[in-house]
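Values in this text are rule-based calculations from the coordinates and carry no lab data. Quick caveat, the model's predicted, so the values are computed rather than measured. Heads up, the Cβs are rebuilt from the backbone with ideal geometry, glycines too, and the neighbour counts pull from every protein chain shown.
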Amino acid sequence: MKRILVTGGAGFIGSHLCERLLKDGSEVICLDNFFTGRKENISHLIGNPGFEIIRHDVIEPVLLEVDEIYNLACPASPVHYQYNPVKTIKTNIMGALNMLGLAKRVRARILQASTSEVYGDPKVHPQPESYWGNANPIGFRACYDEGKRCAESLMFAYHRQNGVDIRVVRIFNTYGPRMLENDGRVVSNFIVQALRGLDMTVYGDGSQTRSFCYVDDLVDGLIKMMENDGVAGPVNLGNPGEFTVLELANMVKRLTSSSSNIVFKELPPDDPVQRRPDITLAKESLGWRPLVGLEEGLLKSIEYFRSRISPASGLSSL
Ligand code: NAD
Ligand code: UDP
């Protein structure tokens, strides 16, 4: 039986990953500082003899005996990662250093959750892994983008210098149940606004594009990447379906039968204009491709948020 460490395991993606790894028969240690994670995301796993939770911040070293490490600890929503940019940089860089040090010491395989943000505001479309990106090193997103870019550099430096067994994935916009209601990311914002009958806030004119991957598909890709013996990465994981933000708003409004108005707000600085993964490498090297289409995934997410929100009061049911 493998013992697997998931940092950021109480977060949106991390909690789905812990659940899946346990189901597949591994022991799972979920490590989290609960900045954007919630105990509630993993409460159903407590009591499973293979599951442990550690409250810990990845900027501090940790000593554990594990076979694999999924390093997911880092807030992913622009609102949350820009709240304390210095902390975001520390989480990305010191977190990667500490987890790589651990992987080196116990000879564990380590997978780093990188991001499509390493491509910045891309000038190549769709984005292949060979593209070096167009990121602003001093902008509001830099704490996240450059933090993740440096974490990738650290992964490859430890691999070349110390022979650490690394895997790097670049995750594109992922959505689904357990995103925070006040997360600030576009899918959760639109669904929560639509269900509450509030204005749906499209930033800019809504012509910017994103590609949305359902969380179950993403988790499947993370595990396939960890288990493959041939490719260190980086490998893009995302759904190549590309939609404008305005198309997404209209789709959510239709699927929720909402009477909300769509309103236009100021575009945040450095908001990437277009984003779509080239997933040829993931298909060919991992045999992975996403299976859940946007409408199907949105319906599952809407069901989740509907169960948490009381539309009449406009208040969360929690
Ligand atoms: P999330 O914010 O829901 O989860 C992040 C988790 O990390 C939370 O549980 C949080 O409490 C924890 N955390 C943050 N800082 C920490 C620290 N210093 N020490 C310990 N724990 C810490 O975000 P998510 O969407 O689940 O993202 C998970 C990972 O995937 C992140 O690394 C993110 O950068 C990456 N990613 C996500 C997306 C996406 O669309 N969801 C896209 C690209 C990359
Ligand atoms: N966005 C929006 N309304 C919102 C939240 C986000 O129009 O209420 C836009 C945002 O400007 C960006 C896209 O949706 O163009 C995706 O934003 P998100 O924060 O989900 O992730 P990003 O890909 O920008 O990191």
Verdict on residue 116 being within 22 Å of residue 236 (Cβ to Cβ), within 8 Å of ligand 1 (Cβ to nearest atom) and surrounded by fewer than 23 Cβ atoms within 10 Å (Cβ to Cβ): no
For residues in region 119-155 being among the basic types (Lys, Arg) and in contact (Cβ under 8 Å) with a residue 12 or more places away in the chain, which is surrounded by the most Cβ atoms within 10 Å (Cβ to Cβ)? 148
Residue under question is residue 170, and the condition is that it be basic (Lys, Arg) and more than 17 Å from residue 279 (Cα to Cα); does it hold? no
Can you find even one residue in region 188-204 that is touching a strand residue (DSSP E or B) at 6+ places or on another chain (Cβ under 9 Å) and within 30 Å of residue 287 (Cα to Cα)? yes
What are the pairs with Cβ atoms under 6 angstrom where one residue, in region 163-179, is assigned to a strand (DSSP E or B) and the other, located anywhere, is of a type in the set (Asp, Glu)? Sequence gap at least six, or different chains. 168/152
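If you go through region 220-258 one residue at a time, how many are acidic (Asp, Glu) and over 28 Å from residue 112 (Cβ atoms)?
Qualifying residue count, region 220-258: 1.
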Matching residues in region 63-91 (hydrophobic (A, V, I, L, M, F, W, C), part of a loop (DSSP other than H, G, I, E, B) and more than 10 Å from ligand 1 (Cβ to nearest atom)) number 3
If a residue has to be of a type in the set (Ser, Thr, Tyr) and either within 13 Å of the chain's Cα centre (by Cα) or away from ligand 2 (no atom under 13 Å from the Cβ) (or both) to count, how many in region 165-189 make the cut? 2
